[in-house]
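Contents: one structure, followed by commentary.
Where a number appears in this text, it was derived from the coordinates with a stated rule and is not lab data. This structure is a prediction, so every number in the text was calculated from the model and none was measured. Glycine also receives a Cβ, built like all others from the backbone with ideal geometry; neighbour counts cover every protein chain displayed.
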């Protein structure tokens, strides 16, 4: 069946974002977007009635495998992309660092037998990684005096636009030295005692004290927005793992700096490549991972300390110089900020460049996609595989409050199915 370009763009289909706060079932999503690839009669009387409720704040763009635009509506107007911005951050990092890049963390010993840790922003220093580190360090020493943490690779003044000072993991702060996404996951037993919800993560006194101070009940929470405190949590967690392996820390866990005379004893290279990091970032739409990579990238290109401004400079420069996107606005790397702005046409350019990496996105059948959600904002962008290796592209931005995406999608799908039966897609 041959696809035709809609000539009268004033009466074209206006499909909107497919993600509610809990998502839309994948099979319905595939059917709805496939419907986009068949032209709707340009007579306004035959348009689905719900399209009359789509305001000028929305945008739609669908393009064929060769980039030819099949449908478009408000495609040049700047919109808030929400988490779909993560594609640009991931693409920039991949181009600068390479898909096989691995984050590192360095371990030193000084003349007073203090162990020092230098963090470089590894976003996946989870408990399993810290246990692996403890295994390696236990082969190098049986005791140490102080454990000194150097988190100076990141500026101590980083504030992510759009994030709030909350305990929600969505707002987890960034840092050069972190553990478990700067969150703790716990519940209370039948006696009301606070216990870890992760068998691989002991609930150490440092974390328990923070939980009690905040009065948290159960769940996963960000326990601090102080970059010094999140580094101290990572250090105290490592001391616990070292102790389990017979290594004793005689004194304190504290903050300090690596000195030229300190001896490097171990470098931990993450088991995860940048490609792995991006896949996990997309799967969980992690703002923490996105901005860790975004800010660390700034230091990698322009030198430490890492700052938000350097990350913005790298990503904006890549967009301008490599993608010819001269008028987009980038405030941070995750999409949490409403100051981020780009058009559906800009996103199409990003999607075309990201195409070799589309397997890193969530997928339902032949559809690979990224969603975005903020208050009053719903976005979805991605690819639908066609009959060849080259996919179709779609960009759907809905930038207004009070919209009912499910109702719009059902209305449009019903209208299209009247002309193109479901069997046509099988």
Give me the distance between the Cα centres of region 173-247 and region 115-139, rounded to whole Å.
15
From Cα pairs below 8 angstrom and at least 6 apart in sequence, can you work out the relative contact order of region 207-334, rounded to a whole percent?
14
Binned at 5 Å from 0, what are the whole-percent values of the Cα-Cα distance distribution for region 265-394, short to long?
2, 9, 16, 21, 23, 15, 8, 4, 2, 1, 0
Over all pairs of distinct alpha carbons, what does the Kirkwood formula give as the hydrodynamic radius of region 198-262, in Å?
13.6
Quote the convex hull volume per residue of region 183-316, based on C-alpha atoms, as a whole number of Å³.
174
Equivalent-ellipsoid semi-axes of region 104-272, from the Cα gyration tensor, Å, largest first:
26, 19, 13
Computed lengthening from residue 329 to residue 145, 0.36 nm per intervening residue step minus Cα-Cα distance:
61.4 nm
Of the peptides 192-200, 324-332, 366-374, how do they stack up when ordered by the mean number of other Cβ atoms within 10 Å, highest first?
366-374, 324-332, 192-200
Normalised by the residues of region 288-346, what does the relative contact order come to in percent, with Cα pairs under 8 Å and at least six apart?
27
Suppose the chain between residue 320 and residue 261 were pulled fully straight at 0.36 nm per residue; how much longer would it get relative to their current alpha carbon spacing?
17.0 nm
Normalised contact order of region 90-169, rounded percent, pairs of Cα under 8 Å and 6 or more residues apart:
30
Taking 22 Å as R0, compute the FRET efficiency from the Cβ-Cβ separation of residue 165 and residue 197 and round it to 0.05.
0.40
Mind giving me the FRET efficiency for residue 136 and residue 355? R0 is 35 Å, r the Cβ-Cβ distance, nearest 0.05 is fine.
0.35
Based only on Cα atoms, what Rg/Rh ratio does region 72-129 have, Rh being taken as Kirkwood's radius?
1.25
